[in-house]
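Q: Pasting a structure here, questions to come.
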């Protein structure tokens, strides 16, 4: 029989080893899964674990996928640490995309003379404003009416999605687009500057990395950051200290909404170049997994986004090359999350094999 | 001669480099009340956890009724008839008293039977307890009653109590002693962990003294004095509290007919509470837990800013609706009753826990000067003799007494103008308790207004210049401590002062 014993002190060794064990478990379980689906497990696993990292182009694509995941997960980590359960990053992402896309559309149609570098700060501001405004609705309802932020933020995702559909089917539709529900292609001036010509990776990636470092400094090196993190695990201590829980709700939601919004703006002004009904690609939801896999730590979010992006890319490869269903990629992500949470138990607990003995009743 | 109910031989337990128990031997006879005496960190709790199967010893053996027993889990211990009341309560806040008790019982018992069982045991042992109240509204003292009743329901053959009287009135403690004597007379053995010497002398048949994890003495407490026991425990005479009479100055903190409905229906509403605390004096508030202390403290600290603005005044300014941080800025500091989760955040380091109430290490834009913060925390650790791995140790890694020293130290170190303290020495050993008291008196002498809310009368008599009693949300008039007697304060605790809630009930024909 196996027993779990509480460790007197959390194991440092295990906190390093646990993600590696989780990865090993995921690879093993995935291998069995692919074998059961009649595919060569080594080949499919290499699509998930090797090919996304193989070559410069693959790496830049990986960075491109990481960018929105990092930005969304940073804000979510802050929210979750202060017990604000914002699961509507997808909606805030969409509103950021709409705001950033709307700005790009205006620049395009009004033929405003701008350089991409001048447009960059504008589109960041617009995206942040769009996402933050959407999250502000959640904050307002929670603060004023004590509405459950989980429900409100989730439902606002669908509102945002439908709003986007209305825009691209209606007022913002490209008049010369053969009636396709999409805006015109944005002018070149609105494109997020790229690192290298010919690669899709843009400077938004650098923005995300800088944001991660700033978030880390904010969370662990400033009084406000510490305050926000106390409200979650120890609300009585936060009350005792006099930290306002209302302001924590507002701050975390506005910050995370803003970051998700910037991610959305980068996506439409970067690789997409126009608004379509298909801007929503699940980044906001995947970012929840990223935030938790990264242990709600800003730098953890960067690492976790790399793993999850590789899984997304690997899933696409497996789908196009060996005809594996797209949902398998999701299953694979799920296995990773489950294994990681399971292995985290080992940080605070110890497995002990106990010999089964029959004892006489007293 | 019958075999001892419980015997320990050569029990040793190490945590890393720390030896918590070193070759400990112990024997408890059936029906014996056996004291385990020792300072914080002497290894009492670890030893009891070993007996209870919560911790596995590295070496040694355990005999039950003379036969070797293999206790590998609390489940095994309960099967043998061992029950334990922990110092840290293991209750679920969101459940009621009865549901909490029910959780630990076998599935064949219905909730209704549990409710009846609780009522029965509570009546039998004179413990006032409503089985339907949710645990989160109970005070520490009331929670402890839940634990005691829960243990009694198992009809134990060995009951382990970890500092059970810490929050009881003298009358209630006497009642508990009666309970324990009754229980012992039925043949149940009792292991009584405490550092309250007079209790051990009054109650226990046998006493084992631990110091630094070793047994330093085994004696009959009836033949010892508190002084000799204390010498055995700390290896030296406890420092005496020296005090000069107070020279009270201007009113610093006051309440004027403070009336406040409780947050929840099981709480206690405050009614017409009027109170003055002057600079340079210590005012004590006595009372049985659950009579409005929590509500009064929350209203004074600013955690509950619902009072009428003018009902609470700090240096003549109305602060009833001012938040906790703003009150602290004006010089009002507060030490709460709950250490973990309120006075300190369990998962945060001691250094970061400074930031709950202290801002000296903050720079522009709230930037934390980490070196300054660590220095500040280290200073508190050093000055208040806190045993901790260092400023980066998590708050939850400290023992209860050490964390209390840290929190009290943190607030004293701020040199407040007004200090409100709840249970300043709860669970703290004799040496540290007298040190904390001496610091409080020193703070008073430096002109600070100090309000102590405590359920330990001994402490209030030692500390306070004037005493109030709180009962059913109402506050008695104050009486100079020099003129007060334990009997009178004990009566007041039942609301029996002129115009008090007990008096009104008596006049109305109800039972006092």
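Q: Mean projection of the alpha-carbon convex hull of region A:183-328 over all orientations, in nm²?
A: The orientation-averaged projected area of the Cα hull of region A:183-328 comes to 11.4 nm².
Q: Then there is this: Once you have the Kirkwood Rh of chain B from its Cα pairs, apply Stokes-Einstein at 4 °C and 1.567 mPa s and quote D in µm²/s.
A: Approximately 54 µm²/s, per Stokes-Einstein.
Q: For a distance above 15 Å, tell me the whole-number percent of Cα pairs in region A:60-152 that qualify.
A: Distances greater than 15 Å cover 67 percent of the Cα pairs.
Q: I'd like the mean, over residues of A:230-237, of how many other protein chain beta carbons sit within 10 Å of each residue's own Cβ.
A: Mean number of neighbouring Cβ atoms from other chains: 6.
Q: Still on this structure, please answer the following. Can you work out the base-10 log of I(q)/I(0) for region A:7-53 at q = 0.18, 0.19, 0.26, 0.30 1/Å, using the Debye formula on its C-alpha atoms alone?
A: Log-scaled intensity ratios, in q order: -0.62, -0.66, -0.91, -1.04.
Q: Report, in whole Å, the centroid distance computed from the Cα atoms of region B:49-87 and region A:96-117.
A: 73
Q: Something else now. From the alpha carbon gyration tensor of region A:44-114, can you work out the equivalent ellipsoid semi-axes (sqrt of 5 times each eigenvalue) and give them in Å, largest to smallest?
A: 29, 24, 9
Q: Highest GNM mean-square fluctuation, chain A, Cα pairs closer than 10 Å: which of A:121, A:298, A:68?
A: A:121
Q: Would you calculate, for chain B, the mean residue ellipticity at 222 nm contributed by helices, counting each DSSP H stretch of 4 or more residues as -39,500 (n - 2.57) and dividing by all residues, to the nearest 500?
A: Only helices count here, giving -9500 deg cm²/dmol.
Q: Enter the per residue convex hull volume of region B:273-394, computed from alpha-carbon coordinates, in Å³ rounded to the nearest integer.
A: Hull volume over Cα atoms, normalised by residue count, gives 149 Å³.
Q: Separate question: What's the exposure ranking of A:149, B:39, going from fewest to most Cβ atoms within 10 Å?
A: Neighbour counts put them in this order, fewest first: B:39, A:149.
Q: Cβ neighbours within 10 Å, averaged per peptide: list A:85-92, A:217-224, A:193-200, B:254-261 in order, most packed at the top.
A: Going by the mean number of other Cβ atoms within 10 Å, highest first, we get A:85-92, B:254-261, A:217-224, A:193-200.
Q: Using a basic spin-label model with each label point 7 Å from the Cα along Cα→Cβ, how many nm lie between residue B:216 and residue A:196?
A: 7.2
Q: Compute from the Cα atoms of region B:1-150 the Rg and the Dmax, the latter being the longest Cα-Cα distance, and quote both in angstrom.
A: Rg, Dmax (Cα atoms, Å): 17.4, 49.
Q: Using the alpha-carbon centroid of each, what span in Å lies between region B:390-454 and region B:470-486?
A: That distance is 23 Å.
Q: Give me the mean projected area, in nm² to one decimal, of the convex hull enclosing the Cα positions of region B:386-512.
A: Reported value for the Cα convex hull: 9.4 nm².
Q: What is the distance, in nm, between label points placed 7 Å from the Cα along the Cα-to-Cβ direction at residue B:93 and at residue A:350?
A: Result: 3.0 nm between the two label points.
Q: Using only Cα atoms, locate the centre of region A:153-200 and the centre of region B:346-363, then give the distance between them in Å, rounded to an integer.
A: Spelled out, the Cα-based centre of one part sits 47 Å from the other.
Q: Express the relative contact order of region B:338-414 as a whole percentage, based on alpha carbon pairs under 8 Å and six or more residues apart in sequence.
A: 39
Q: Can you pull the Rg over Rh of the protein assembly as shown, Cα-only, Kirkwood?
A: 1.04
Q: Averaged across B:345-356, how many Cβ atoms of other chains sit within 10 Å of each residue's Cβ atom?
A: Averaged over the peptide's residues, the number is 4.
Q: Apply the a/c threshold of 1.5 to the C-alpha gyration tensor of region A:274-346 and tell me whether it is rounded, prolate or oblate.
A: The shape class here is oblate.
Q: Follow-up question, since we're still on this one. Can you give the average number of partner chain beta-carbon atoms within 10 Å of each beta-carbon in peptide B:365-374, as a whole number?
A: Mean number of neighbouring Cβ atoms from other chains: 3.
Q: What FRET efficiency comes out for the pair residue A:113/residue A:15, r = Cβ-Cβ distance, R0 = 41 Å, nearest 0.05?
A: After rounding to 0.05, the efficiency reads 0.15.
Q: Right, another one. Taking Cα pairs under 8 Å and at least six residues apart, what relative contact order does region B:6-234 come out at, in percent?
A: 29
Q: Using the alpha carbons of region A:64-287, what is the convex hull volume per residue in cubic angstrom, as a whole number?
A: Convex hull volume per residue, Cα atoms: 115 Å³.
Q: Once all Cα-Cα distances of region B:338-414 are split into 10 Å bins that start at 0, what whole-number percent is in each one?
A: Going out from 0 Å in 10 Å bins, region B:338-414 shows 22, 59, 18, 1 percent.
Q: Using Cα pairs closer than 8 Å and at least 6 residues apart in sequence, work out the relative contact order for region B:11-138, in percent.
A: For region B:11-138, the relative contact order is 18 percent.
Q: While we're on this one: Can you compute the modelled spin-label distance between residue A:155 and residue B:264, with each label point 7 Å from Cα toward Cβ, in nm?
A: 2.8
Q: Now for a separate question. Compute log10 of I(q)/I(0) for region B:113-157 with the Debye formula, placing one identical point scatterer on every Cα and leaving out solvent, at q = 0.25, 0.28, 0.33 Å⁻¹, to two decimals.
A: Log10 of I(q)/I(0), two decimals: -0.89, -1.09, -1.35.
Q: Estimate the FRET efficiency between residue A:146 and residue B:130 by the formula 1/(1 + (r/R0)^6), using the beta-carbon distance for r and 41 Å for R0, to the nearest 0.05.
A: 0.90
Each reported figure results from applying straightforward, stated rules to the coordinates on display, with no laboratory input. Worth saying up front: this structure is predicted, and the values here are computed from it rather than measured. Cβ sites come from the backbone with ideal geometry, for glycine too, and all protein chains shown count toward neighbours.
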